[in-house]
Amino acid sequence: MEAVFLIFLMLSVACGRHHNHHCAHDEIPAPPYNFAAQEYYEPTGHGRRTTSNSYEPIRIHVITQNLAALDSARQSFLMNTLVPAAVSVLSRALSVVRVQGPLRVNRNCGSTWQVAGSPCASVGQPVRCGYMPDGTSAAVADYLLNSLQTCSSCNADGTCNPSSCTTSANGTGVSNADFVLYVTSATTGSCPASAGDGTLAYASTCVRDQYDRPIMGQANFCPVALSSSSSAWEDQLSTAVHELLHALGFSTDSWALFRHQDGTPRTPRGADGLPALTPTLCTDGVTRTVRAPSASTLLVRQERGVIVNRMVTPKVVAVARDLLGCSTLEGPELENQPTTSGSCFGSHWEQRLFPQEMMASTASHNSFISALTLAALEDSGWYRANWSMAEPLVYGRNAGCAWATERCIDSSGVAQDGFCNVAQQDGCMRPTPLMTTDHRS
Ligand SMILES: *[C@@H]1O[C@H](CO)[C@@H](O)[C@H](O)[C@H]1NC(C)=O
Ligand SMILES: *[C@@H]1O[C@H](CO)[C@@H](O)[C@H](O)[C@H]1NC(C)=O
């Protein structure tokens, strides 16, 4: 099981999120900003991919369980309205090389014989996915599992005593699915005691395929934060899409597993098929031994006195340079705090730079999928994006290299455009006030 990612409610009216009446309107370049996704994509030299027959819209199979904390109206809202709407967004946004035949996942092998090609020696721990009220995950049901042969008596030449072998049956699996999502609504220890007080929902990847693409994941919607009221719809939908994107691989656990478009790993693999365990300076300043992504995927270093993570994959860099108007930008920043304690890198875009983005950490009702997140998903090597799903980021548009890379407030106390240097004072949005523009249709 992998780390868990959270989305938080925006609790305070901090600097910078609201239009300030003292901001001069005439400094704001005139809208509209009519930049379709292709504008990010084509002029940067990567070319627009012709649709390949082998990539088709992702099919997400949802399994709901542990809904007892919800009354029947909210159970129905979650199962029949919210999750299908989020699945619909993602199946329009992302294509994959589809799973052939029914989707099943491998059982864990508990121990192996030290001879290449020998079968597994004993059955391992259950594969787990789907949150339970105690915060752990449930064992995946047999119908979703591949068969596994185990042999308890084998020889040095790799042959085994047939009478020591047993083979479990293949499950029936799920047809027409490329990803299985467990959706729960359990009041776990990660959920807040009252609404409006922290975590709305969280999610993670459970199982990946042979190319590391996530094929099974889990999302828990904290019951106290799940609302079927129509005024909450935008927030609820963006939270659901955000969580599904974490489960689909937008996460700290995925950066080291990203692949080039031809399927080769971006980070070199060891004998176990995984990136090497490397002592790494994590964003919280603690050095941990983790499977660190290559420097061609994520740059990690000290800048302006903090540890900065920059995603430096090709399409992500092209989109970020274009958005921020900084042709020398090495790459956009991820949030510089571990998303959950113990994780090494951020799992969100930096809130300070990309507050409107769906994959910023803090929910705002204006958040949407932009070309930045689609670029990261394409640069994973697992997905092709539907670029016409990208909505334009306005905040930070053409703000330049200093704005994108330097401190919000310089050493003499002067705030950069859009930031403020007085606590609780509202800043100005650059280049146009965020809250006066609703980018959803
Ligand atoms: C791509 O996105 C557009 C805009 O939302 C949508 O109309 C179209 O159906 C999507 N394409 C696919 C293949 O889903
Ligand atoms: C399970 O399915 C795989 C792939 O379809 C097949 O190769 C294998 O023989 C099956 N195993 C059993 C025990 O039925």
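The values are calculated or read from the model by the stated rules, or taken from the named source; none is laboratory data. Just so we're clear, the structure is a prediction, and the values are computed from it rather than from any experiment. All Cβ positions, even for glycine, are placed from backbone atoms using ideal geometry, and neighbour counts span all protein chains on display. Protein only, heavy atoms only, side chains kept; ligands, DNA and RNA dropped before computing areas. Shrake-Rupley method; radii C 1.70, N 1.55, O 1.52, S 1.80 Å.
Give me the net charge of L277's neighbourhood, meaning all other residues with Cβ under 15 Å from the Cβ of L277; Lys, Arg count +1, Asp, Glu -1.
+1
Where does each of Y202, Y211 land when they are ordered by accessible area, with a 1.4 Å probe and the largest first?
Y211, Y202
Heavy atoms of the protein only, probe of 1.4 Å, neighbouring chains included. What is the accessible area of R104 in Å², nearest 10?
Number for this one is 60 Å².
Can you compute the modelled spin-label distance between S388 and T166, with each label point 7 Å from Cα toward Cβ, in nm?
The two pseudo-label positions are separated by 5.5 nm.
Give, as a single signed number, the net charge of other residues whose beta carbon lies under 15 Å from the beta carbon of T264, with Lys and Arg counted +1 and Asp and Glu -1.
+1
Once fully extended, how much extra length lies between E406 and D272, figured as 0.36 nm per residue of separation less the alpha-carbon to alpha-carbon distance?
Full extension of this stretch gives 44.2 nm more.
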